Amino acid sequence: MIYIPADNPLTVAGVELGRKLFYETALSGNNQLSCASCHKQELAFTDGKQFSTGVDGSSTKRNSMALVNLLWTDNFFWDGRAKGLEQQVKFPLEDQHEMGQSLNISSRKLSEIRSYPGLFRKAFGTATISGELIAKALAQFERTLISSNSPYDQYLAGKYSPDSSQLRGMKLFFTNPQPEKGIRGGACGHCHSGVKTTSQLYHNTGLDTIFTDGGRADVTGQTTDKGRFRVATLRNISLTSPYMHDGRFKSLNEVLDHYSDHIDEQPKLSPFLKDLSNQKNTKGLRLTLQEKEDIIQFLQMLTDSTFIKDPRFSNPSLISQ
Amino acid sequence: MKHKIAGAILLTILSLTTSGQTGQGTLTVKGEVGLPLTITTAGLSEFRHAEANMKDREGNMHKYTGVSVLSILESAKVTLGKQLRGEHLKKYLLVKCADGYQVLFSLAELDPDFGNKTVILADRVDGKPLPAGKGPFRLIVPDDKALARNSYEVIEMIVSFAKD
């Protein structure tokens with residue numbers, strides 16, 4: 001399902017304005033940060049850091065999320081606190097520890113930059129810049145960040161032949177283990193489902209027993225939601241380290257080790273991770289080294305090299321220079 | 001007299017369920033309903049008892065007990081039975097879970113005059129409360145071949161009209 005609000009259809013002018021705003025440092029309190037500071041195209045719109053640094057020099061609470069295929073997403077952040085991209089983009093813009101500037105001040109600053117009033121008029125029919133229109137333009141641009149040309153996409157289209165390791169990894173990824181039938185699996189595809197390799201769900205993946213970050217519970221107020229975080233996309237996952245909501249894992253090997261061998265069996269653990277086993281009477285997936293390597297080989301099939309170089313998504317001011 | 005009894009039952013349900021805010025261990029029923037409900041585990045006994053046996057993914061049989069989803073919808077004064085005609089046949093029941101999972105049934109799928117599908121809101125399995133992560137309320141759809149609509153941690157039921 002695609003999510004485009006009726007009051008913010010995608011237009012060529014709107015997307016172009018959103019692209020310019022995405023790279024606009026005037027939207028930050030110190031005129032040094034833009035959306036692209038924490039969402040770099042070459043890193044599939046992440047920043048490669050465990051936590052990002054805001055205008056006040058402080059670190060963000062959570063790892064920067066990849067911006068990809070957001071056209072099919074309507075709840076955002078690791079805790080799902082924003083419904084719709086138009087709402088989502090306002091958080092980092094105004095958060096004092098991120099870009100640190102109110103939308104009113106941003107609107108005034110943009111009004112004083114010669115090119116913007118005309119661009120807003122072209123996109124929205126008015127040269128009067130407002131926070132709502134800034135958010136709408138950014139949302140339009142971000143909805144165009146579509147990654148659909150990875151080797152996995154090409155494989156689905158019958159244009160790519162995976163090697164034996166990738167095929168084994170793909171099978172493991174999408175298979176739930178059934179030890180009584182001798183079927184081994186990684187059970188990844190239950191949550192990282194479909195071609196999007198994500199779902200708009202919140203799960204406790206057994207990372208902690210004591211929660212320093214409430215996760216989804218910060219939004220719902222429910223103790224049962226403590227330690228639950230959004231299922232992340234795996235698109236371009238080999239480019240978006242470090243991993244998890246707090247960037248605790250530096251490599252995919254560490255992620256696979258966690259799900260295979262180190263899940264903390266606790267009451268709040270997702271029921272979809274409980275009692276997963278590849279061997280009768282044994283807890284945990286206990287994947288072999290080869291199986292882990294095969295799954296990583298499959299995950300690397302999700303790297304879309306055209307997406308990270310697509311000029312439609314790059315900084316327009318650099319191209320025009 | 002019949003209406004008075006029904007009214008008394010509804011008042012009892014409301015008195016059991018509106019004491020607290022929506023949240024832990026509660027289920028809200030809203031949308032295209034005549035009477036929005038907030039149901040707690042304690043208030044579940046006010047609805048029609050139902051039970052079903054169903055195999056888990058490993059093939060082990062379990063007995064689930066709870067209440068009929070149809071009886072919840074009836075209490076919420078949803079258009080069922082003879083009212084389920086014309087444009088009301090475009091209505092559906094959306095079931096939402098704490099982890100964000102959602103599943104859907106058409107009202108006609110559930111109505112005894114149409115699909116008569118058995119759907120249970122269970123709070124116990126094999127005589128015990130549902131475990132953490134699956135309860136307090138789980139949807140049980142015993143006649144479905146796939147298990148995917150047997151949703152955990154149900155927190156909301158929303159009745160709506162299909163658009164388009």
Qualifying residue in region A:266-282 (condition: on the phi > 0 side of the Ramachandran plot, at pLDDT below 95, surrounded by fewer than 21 Cβ atoms within 10 Å (Cβ to Cβ) and charged (D, E, K, R)): yes
When residues of region A:176-206 are limited to those that are more than 19 Å from the chain's Cα centre (by Cα) and under 19 Å from residue A:258 (Cβ atoms), the one surrounded by the most Cβ atoms within 10 Å (Cβ to Cβ): A:186
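Every residue, every condition in (1) touching a Ser or Thr at 6+ places or on another chain (Cβ under 6 Å); (2) buried (at least 19 other Cβ atoms within 10 Å of the Cβ), yes or no:
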site	(1), (2)
A:2	no, no
A:8	no, yes
A:19	no, yes
A:26	no, no
A:38	yes, yes
A:44	yes, yes
A:56	no, no
A:73	no, yes
Number of the condition not met by residue A:289 [criteria: (1) aliphatic (A, V, I, L, M); (2) surrounded by fewer than 20 Cβ atoms within 10 Å (Cβ to Cβ); (3) in contact (Cβ under 8 Å) with a residue 40 or more places away in the chain]: (3)
In region A:311-321, the residues that are part of a loop (DSSP other than H, G, I, E, B) and either within 14 Å of chain B (Cβ to nearest Cβ) or surrounded by fewer than 16 Cβ atoms within 10 Å (Cβ to Cβ) (or both): A:321
Odd one out for residue B:64, checked against (1) at pLDDT 95 or above; (2) on the phi > 0 side of the Ramachandran plot: (2)
Of all residues making up region A:66-96, the number that are assigned to a loop (DSSP other than H, G, I, E, B) and out of contact with any Lys or Arg (no Cβ under 8 Å at 6 or more places or on another chain): 7
Residue that is nearest to the other protein chains (Cβ to nearest Cβ) [pool: residues in region B:145-164 that are part of a strand (DSSP E or B) and of a type in the set (A, V, I, L, M, F, W, C)]: B:155
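What number of residues in region A:283-310 are on the phi < 0 side of the Ramachandran plot and not in a helix (DSSP H, G or I)?
Counting residues in region A:283-310 that are on the phi < 0 side of the Ramachandran plot and not in a helix (DSSP H, G or I) gives 14.
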Which numbered condition residue A:221 misses (of (1) within 12 Å of another protein chain (Cβ to nearest Cβ); (2) surrounded by fewer than 17 Cβ atoms within 10 Å (Cβ to Cβ); (3) more than 20 Å from residue A:259 (Cβ to Cβ); (4) in contact with a helix residue (DSSP H, G or I) (Cβ under 9 Å, 6 or more places away or on another chain)): (4)
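Give the residue, chosen from A:263, A:295, A:308, that is buried (at least 16 other Cβ atoms within 10 Å of the Cβ), touching a Cys at 6+ places or on another chain (Cβ under 8 Å) and among the β-branched types (Val, Ile, Thr). Can you show your working first?
Numbers: A:263 fails: touching a Cys at 6+ places or on another chain (Cβ under 8 Å); A:308 fails: touching a Cys at 6+ places or on another chain (Cβ under 8 Å).
When all the criteria are applied, what remains is A:295.
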Cβ pairs under 8 Å, 6+ apart, first in region B:127-139 and more than 12 Å from chain A (Cβ to nearest Cβ) and closer than 16 Å to residue B:52 by Cβ, second surrounded by 15 or more Cβ atoms within 10 Å (Cβ to Cβ) and basic (Lys, Arg): B:139/B:149
Scope region A:247-300; condition within 14 Å of another protein chain (Cβ to nearest Cβ) and under 19 Å from residue A:211 (Cα atoms); matching residues: A:263, A:264, A:265, A:266, A:267, A:268, A:269, A:270, A:271, A:273, A:274
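The values are calculated or read from the model by the stated rules, or taken from the named source; none is laboratory data. Fair warning: this is a prediction, and the values are worked out from it, not measured in the lab. Please note: Cβ atoms are built from the backbone with ideal geometry, for glycine as well, and neighbour counts cover all protein chains shown.
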